[in-house]
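Asker: Let me give you the structure first, and then I'll get to my questions.
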Amino acid sequence: DVLDPERLIQCPLVKHHRIRARRFPYHLVKCKESNPEIAKKLATCPFNARHLVPWADLSDHIMKCNDKAFMEQDVVSRSCEPPQEQLSNGSTWQAPPCDEDWET
């Protein structure tokens, strides 16, 4: 299961490192610090910082990255939202109507 925080993931820097998914982001930071020569050879995916790929393969990875679809979907959904009318002072917030009568 991709969403299982207990599943083991192989480290992209040191292949014999196997890390639990919930600890993976922390491991990447430490492993990059411990292995700067290997880290220099890898690029970070712009869609998911957990994806480290060789610099030569970055453009191919970007074209095929599964997380790219989530970003594109978010951009499309935001562009389809109707623009909000702005008030004269620049604010778009309006108080909801109040049905309470505190005098009664």
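Computed from the coordinates by the stated procedures, all read-outs in this text should not be read as laboratory data. Every value quoted in this text rests on a predicted model; they were computed, and no experiment measured them. Note that each Cβ is placed from the backbone with ideal geometry, even for glycine, and that neighbours are counted across all protein chains shown.
Asker: For the ranges 2-13, 43-54, 17-28, what's the packing order if you count other beta-carbon atoms within 10 Å of each residue, average per peptide, and put the highest first? Don't skip to the answer; put the middle values down first.
Answerer: On the way: 2-13: 12.3, 43-54: 15.7, 17-28: 14.2.
Result, highest mean first: 43-54, 17-28, 2-13.
Asker: Quick one: Karplus J couplings for segment 16-22, per residue in order, coefficients 6.51, -1.76, 1.60, θ = phi - 60°, nearest Hz, x for Gly and Pro?
Answerer: Working through the residues one at a time gives 8, 7, 10, 10, 5, 4, 5 Hz.
Asker: Please give the FRET efficiency for residue 3 paired with residue 38, using the beta carbon to beta carbon distance and R0 = 25 Å, rounded to the nearest 0.05.
Answerer: Once the sixth-power term is evaluated, E becomes 0.30.
Asker: Report, ordered by chain and residue number, the lysines lying within cross-link reach of residue 30, taken as a straight Cα distance under 25 Å and ignoring same-chain residues fewer than 8 apart.
Answerer: 15, 40, 41
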